[in-house]
Amino acid sequence: MRGDDLLIDDVTVRYGGFTAVDGVTLHVPAGQAAGLVGESGSGKSTLARAVIGLVPAASGRILVGGGATTVRRGGPSPVQPVFQNPYASLNPRMTVGDSIGEALRWRRPGREGLRRLIGEALDRVGLEPGHARHLPRRLSGGQRQRVAIARALAAEPRVLVADEITSALDVSVQAAVLNLVNELRTGLGLTLLFISHNLAAVRYVCDSVTVLHGGRVVESGPTEELTRSPSAPYTRALLEAVPRLPAPDKEATT
């Protein structure tokens, strides 16, 4: 599983007469992580939904490896999402194993092969094979988010879209999930679009960052450079206002 480049080319998204995303252009090279930050209502989550095909773009192009993006059900997909609330994104009536298994059936592995693949998917995100028997309500928030990540990776995406994936978690758990995302991204060579309101988390995970305000790009650039010396007053205000995460502990687990 290796990443492809993601191109968001002059994309506009409208809800009726309201323009939520206005002519945004963003290129994420293959295997890199790009952060998309801004306050609530800045358009970042709407852009993420456009990338994964949940809302249509009024104009512009979204390409992965030069081709159009489509989230497929029951098969490999060039783009897969991980959402903010893992409890809402997992079917509460399905066991963890069944949820991950749905994303693996396209491989037609047979019963024993499916059990093995589910175990491997759980191990990849730091969970025991026994978690496959549990319903989501029996897991912690951090464990549920790990399951959501495992399910997304089971579709063998070339681009992973992570939309506020730590904001619903306790601070100590956030650090562990950020460590996991970093390990998976570098280990699998995935391309990552990481959406967050927290510039500290973005700085830890991402190679570059784009700042949105009112649906438009305020500024963008390499993460260290932009967070050290932002040129836009809006970016400086974000840096001053957003609580900082402590530096994630490399040994943190959930």
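Below are the figures for this structure:
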read-out: Contact order relative to length of the chain, as percent, for alpha carbon pairs under 8 angstrom and 6 or more apart; value: 27
read-out: Around residue 233: net Lys/Arg minus Asp/Glu count, Cβ-Cβ under 15 Å; value: -1
read-out: Residue 209 long-range amide H proximity, modeled H, under 5 Å; value: 35, 221, 223
read-out: Per-residue SASA entry for residue 118, accessible area with 1.4 Å probe, Å² rounded to 10; value: 20
read-out: Accessible area per residue in Å² at 1.4 Å probe, computed on the chain; value: 46
read-out: Region 91-177 - percent relative contact order, Cα under 8 Å, separation 6 or more; value: 33
read-out: Between region 138-176 and region 1-37, the alpha-carbon center distance in angstrom; value: 21
read-out: Neighbourhood charge, 13 Å Cβ-Cβ cut-off, centred on residue 12 and excluding it, Lys, Arg +1 and Asp, Glu -1; value: 0
read-out: Given charges at beta-carbon only (K, R positive; D, E negative), |dipole| of the chain in Debye; value: 1020
read-out: Candidates 43, 130, 189, ranked by Gaussian network fluctuation over the chain, Cα under 10 Å, top entry; value: 130
read-out: Helix runs (DSSP H) in the chain reaching 24 Å along axis by Cα, Kyte-Doolittle at least 0.0; value: 171-188
read-out: Cut-off of 10 Å, at most 16 other beta carbons, DSSP loop: longest stretch of the chain lacking such trypsin sites (Lys or Arg not before Pro); value: 94-243
read-out: Prolate/oblate/rounded label for region 96-241 (Cα gyration tensor, a/c 1.5); value: prolate
read-out: Rounded percent of accessible protein surface that carbon and sulfur make up, region 1-139, 1.4 Å probe; value: 45
read-out: At most 11 other Cβ within 10 Å, DSSP loop - GluC sites (Glu not before Pro), region 144-251; value: 251
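The values are calculated or read from the model by the stated rules, or taken from the named source; none is laboratory data. Since the model is a prediction, treat every value here as computed from it, not as a measurement. Cβ atoms come from the backbone with ideal geometry, glycine included; neighbour counts cover every protein chain shown. All accessible areas refer to the heavy atoms of the entire protein, side chains included, with ligands and DNA or RNA removed. Shrake-Rupley method; radii C 1.70, N 1.55, O 1.52, S 1.80 Å.
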